[in-house]
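*Asks:* Structure incoming, see below.
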Amino acid sequence: MTSTPTPKTQALALFFGGLLPVIAFTLIEEKYGTIAGLIAGMVFGAGEIIYEIIKYKKVSTITWIGNGMLLGLGAISLVSSEGIWFKLQPAILEFGFFIFLLGSWVMKKPFMQMMIEKQNPTAPEFLKQRMSGMTLRLSFFFLAHAILATWAAFKWSSEAWALLKGVGLTVSMIVYMVAEVFWARLVLGKQTPKEIVIDPNIKSDQ
């Protein structure tokens, strides 16, 4: 019997997806060299895809993108005998998030706003506006992290690079989300009830 990935599982996959290949690469590279590390990382990357196929009978988009990119860049690294391409996977993926989020905001279809409207069609208008602004801010968060990840790939040790991939993004995202919550409360606390606009097209169920 197969199961369906929950929203929580998908969220965890976003932050921890591709972590096992990174750990495998770092540990094996340190003892046996770059080529062995790359092969180990690619094996674990393929393993994550196979695991989802067996458990869910399908592979999530984020797994295809993240691990597919990891396998592709790993192959380039094997051909060139340079591990840098493999290490650039987190930076390229995060830059992709930046382009996606910024693009959705520029096209007047902010991703975070679209998500809240999909999950809760009766969400108040002020919340939708907050999600629109958050989409833009989150895009620049990923841009900053992509720049840091690029620097780490070229300048940091493999251990420090892996730590940034495994812990750095998660911790910085938590800090960012906490800041968003405090900022939202601060803004809403200064608004009067009249300033909190409710969408007039929303009808009450009562």
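The values are calculated or read from the model by the stated rules, or taken from the named source; none is laboratory data. No experiment lies behind these values; they were computed from the predicted model shown. A quick note on method: Cβ atoms are made from the backbone with ideal geometry, for glycine too, and the neighbour counts reach across all protein chains shown.
*Asks:* Give me the residue from the stretch 171-194 that is at pLDDT below 85 and assigned to a helix (DSSP H, G or I) and, out of that set, farthest from Ile23 (Cα to Cα). Explain how you work it out, then say what you get.
*Replies:* As a first pass, look at the stretch 171-194 and keep what is at pLDDT below 85: 183-194.
Adding the requirement that they be assigned to a helix (DSSP H, G or I) leaves 183-190.
Working: Trp183: 35, Ala184: 37, Arg185: 38, Leu186: 40, Val187: 41, Leu188: 42, Gly189: 44, Lys190: 46 Å.
That would be Lys190.
*Asks:* Go through the stretch 96-126 and give me each residue that's among the polar types (S, T, N, Q) and surrounded by 15 or more Cβ atoms within 10 Å (Cβ to Cβ). Please lay out each step first, then the result.
*Replies:* Of the residues in the stretch 96-126, the ones among the polar types (S, T, N, Q) are 104, 113, 119-120, 122.
Residues satisfying the conditions are Ser104, Gln113.
*Asks:* Give the residue that is farthest from Ala184 (Cα to Cα), with candidates limited to residues of the stretch 106-156 that are polar (S, T, N, Q) and part of a helix (DSSP H, G or I).
*Replies:* Residue satisfying both the conditions and the ranking: Thr150.
*Asks:* To continue, here is another question. Taking helices (runs of 4 or more DSSP H) that fall entirely within the stretch 1-103, which contain at least 3 residues that are under 24 Å from Leu143 (Cα atoms) and at pLDDT below 90?
*Replies:* Per the criteria, 7-16, 19-32, 61-80.
*Asks:* Out of the residues in the stretch 146-179 that are surrounded by fewer than 13 Cβ atoms within 10 Å (Cβ to Cβ) and touching a residue at least 12 places away in the same chain (Cβ under 8 Å), state the one that is nearest to Phe100 (Cα to Cα).
*Replies:* Filtering the stretch 146-179 for residues that are surrounded by fewer than 13 Cβ atoms within 10 Å (Cβ to Cβ) and touching a residue at least 12 places away in the same chain (Cβ under 8 Å), the one nearest to Phe100 (Cα to Cα) comes out as Phe154.
*Asks:* Check Lys108 against each of (1) modelled with pLDDT under 90; (2) of a type in the set (D, E, K, R); (3) more than 30 Å from Thr34 (Cβ to Cβ) and name the one condition it does not meet.
*Replies:* For Lys108, the exception is condition (1).
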